[in-house]
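Asker: Dropping a structure here in structure tokens format, bear with me for questions.
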Amino acid sequence: MIEIQNLYKSFDDKDVLKDINATFENGKTNLIIGQSGSGKTVLMKCIVGLLQPTTGNILYDGRNYAAMGKKEKMLIRREMGMIFQSAALFDSMSVLENVMFPLDMFSDAPLEDRVKRARFCLDRVNLLDAQKKFPGEISGGMQKRVAIARAIALNPKYLFCDEPNSGLDPKTSLVIDDLIHDITQEYNMTTIINTHDMNSVMGIGEKIIYIYEGCKEWEGDKSQIMGATNEKLNNFIFASDLFRKVKEAYMSTHQTSTPKK
Amino acid sequence: MLVIKALSSFGKYLELMKKTFSRPERMRMFFKQYIKEMNQLGVDSIGIVLLISFFIGAVICIQIKLNIQSSWMPRFVTGYTTREIMLLEFSSAIMCLILAGKVGSNIASEIGTMRVTQQIDALEIMGINSANFLILPKIIGMITMIPILVSFSIFAGFIGAYATSVIANVITLEDLTLGLQYDFKEWYVWMGYIKSIFFAFIISSVSAFFGYTVEGGSVEVGKASTNAVVSSSVLILFADIFLTQLLS
Ligand SMILES: Nc1ncnc2c1ncn2[C@@H]1O[C@H](COP(=O)(O)OP(=O)(O)OP(=O)(O)O)[C@@H](O)[C@H]1O
Ligand SMILES: [Mg+2]
């Protein structure tokens, strides 16, 4: 479980995040949604410690990140896995070496076991065939899957994904979403996902936080999105014609069916 | 303003070096990187070092023989001067200036690209000291390889000088050999090695600094690579003056 308490973050005189409070539970896929520039990436970077919050606390299962020493911070980071918007694979290493890298760095297991574990993770994302290829030789969707395999190699407690399916076609996005969702449940991880993909919101939004210009504007889950009355949220979610029509249809059936009850 | 900017850059550089020089997390991984860097930065530079040194050695020999040597000078002058130029300046300082171009841009663009594609963030998230993991093997690898490159350079320079004698008959073999051996001071060779080690440190650490601190995209990586070459070249020139004063 990750708790965020009264988090503020500003750059020079620009306030990017204002008083964010949230709780992310384990075994669930937690989504942070919001418009481009609303501060999602900054929030995630604050949570993982790549950026220092101006004020506020972040608790990892009750452990306060800000109060930790350098050594402890390093150690807690080994419990984290992160998938970057650009996949961020090491392009001088093959796919298998990429997945093995965290193991090589932190595991005392013999080489044989490390290879076995890396192969297992690659198999989990269905990429065992590509193990000898280099990141430049595989597609964007495959790169994301390798990044997932690398992130879970050390059995992390916390998984962070910054727009895991940006730049991917809808079908591949679904594959990635399902993969993250399944892995989260399987290993009871605390997973936080940044996204502005409505398919993800409706598909795996077990807990959703909507950020508007740096403030938390709405909180709920995917079943509450359709009936939400928050105007800013509706303007964001139902910005496209298609989704607006879906919402209208939903509302009309909802309104006509409730009085009958 | 410029002074303040330079000072703050220098401060950041020192901070980065502090982060770089710590015990590697995993010696196994450090040695793997170290071998890789020695190969990439050192072994891959041998070709260009040999080529340039050979021709410079030959050209110095020809220039001195044809344009400076006169009948009233002793016959060892050409060989002697060629040797001293190679040992004292060319094989250490000028060679390192050339390497600053080749190796410096390589280091800055590699680390810069890793920065803008978030590979460095990925390392940090894993709880790895990215500066230590990426930069230390480069610095140590470069320092290990530079005496070898300097030796190759001296050697190739002499071969170049001999080639002018054997192929073009610019100078007789006896005169050249006499000159190359005349009044030899071993300390000059050591001086070249010592200077080159400082230069190797400048090239690798300064270029790594420019790469590591890139912000933005491919344009900034290009700029960082240029800045790395310019800054390390200027620093090598200054360091050369101080070191030459100090060691002579
Ligand atoms: N290092 C920084 N220095 C100054 N301002 C920054 C920095 N990083 C982000 N910002 C600002 O913070 C705001 C939020 O940026 P952020 O990257 O979090 O947006 P986002 O919600 O992730 O958008 P997107 O969906 O496009 O990725 C932006 O206005 C941006 O200009
Ligand atoms: Mg973002």
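The values are calculated or read from the model by the stated rules, or taken from the named source; none is laboratory data. These figures come from a predicted structure and were not determined experimentally. Cβ: placed from backbone, ideal geometry, glycine included. Neighbour counts: every protein chain shown. Quick note on the areas: whole protein, heavy atoms, side chains included, nothing else; ligands and nucleic acids left out. Shrake-Rupley method; radii C 1.70, N 1.55, O 1.52, S 1.80 Å.
Asker: Would you please name the residue that is farthest from B:Ile203 (Cα to Cα), looking only at residues in the stretch B:19-37 that are within 12 Å of chain A (Cβ to nearest Cβ) and among the polar types (S, T, N, Q)?
Answerer: Among those that are within 12 Å of chain A (Cβ to nearest Cβ) and among the polar types (S, T, N, Q), it is B:Ser22.
Asker: Among the residues of the stretch A:6-46, what is the count of those that are more than 10 Å from ligand 1 (Cβ to nearest atom), farther than 18 Å from A:Gln85 by Cβ and assigned to a strand (DSSP E or B)?
Answerer: Result for the stretch A:6-46: 10.
Asker: Could you pull out the residue among A:Met105, A:Met80 that is touching a Lys or Arg at 6+ places or on another chain (Cβ under 6 Å), aliphatic (A, V, I, L, M) and facing chain B (nearest Cβ under 8 Å)?
Answerer: Among A:Met105, A:Met80, only A:Met105 is touching a Lys or Arg at 6+ places or on another chain (Cβ under 6 Å), aliphatic (A, V, I, L, M) and facing chain B (nearest Cβ under 8 Å).
Asker: Within the stretch B:214-242, count every residue that is at pLDDT below 95 and open to solvent by less than 40 Å² (accessible area, probe 1.4 Å).
Answerer: 1
Asker: Being at pLDDT below 95, facing another protein chain (nearest Cβ under 10 Å) and closer than 18 Å to A:Gly214 by Cα is true for just one of A:Lys45, A:Lys40, A:Lys18, A:Lys14. Which residue is that?
Answerer: Only one candidate qualifies: A:Lys45.
Asker: Based on what the data block shows, is A:Phe84 within 16 Å of ligand 2 (Cβ to nearest atom), among the aromatic types (Phe, Trp, Tyr) and surrounded by 13 or more Cβ atoms within 10 Å (Cβ to Cβ)?
Answerer: Yes.
Asker: Identify the residue in the stretch A:51-77 that is surrounded by 18 or more Cβ atoms within 10 Å (Cβ to Cβ) and in a loop (DSSP other than H, G, I, E, B) and, among all such residues, is farthest from the other protein chains (Cβ to nearest Cβ).
Answerer: A:Pro53
Asker: Is it true that B:Val170 is more than 14 Å from chain A (Cβ to nearest Cβ), more than 19 Å from B:Ala224 (Cβ to Cβ), buried (at least 18 other Cβ atoms within 10 Å of the Cβ) and β-branched (Val, Ile, Thr)?
Answerer: yes
Asker: Within the stretch B:173-206, take every residue that is open to solvent by less than 30 Å² (accessible area, probe 1.4 Å), aliphatic (A, V, I, L, M) and out of contact with any Leu (no Cβ under 7 Å at 6 or more places or on another chain) and give me the one that is modelled with the highest pLDDT.
Answerer: B:Ala200
Here's the yes/no breakdown for (1) at pLDDT 90 or above; (2) of a type outside the set (S, T, N, Q):
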residue	(1), (2)
A:Lys207	yes, yes
A:Tyr212	yes, yes
A:Ser223	no, no
A:Gly227	no, yes
A:Asn230	no, no
A:Asn235	no, no
A:Ser240	no, no
A:Lys245	no, yes
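Asker: Considering the stretch A:175-188 alone, what residues qualify as being open to solvent by 40 Å² or more (accessible area, probe 1.4 Å) and modelled with pLDDT under 90?
Answerer: Correct list: A:Val175 only.
Asker: Give the residues of the stretch A:83-102 that are over 30 Å from A:Thr54 (Cα atoms), in a loop (DSSP other than H, G, I, E, B) and more than 8 Å from chain B (Cβ to nearest Cβ), sorted by residue number.
Answerer: Across the stretch A:83-102, the qualifying residues are A:Ser92, A:Met93, A:Ser94.
Asker: Does A:Gln5 satisfy being over 16 Å from the mean Cα position of the chain (by Cα), within 14 Å of chain B (Cβ to nearest Cβ) and either open to solvent by 20 Å² or more (accessible area, probe 1.4 Å) or within 16 Å of ligand 2 (Cβ to nearest atom) (or both)?
Answerer: no
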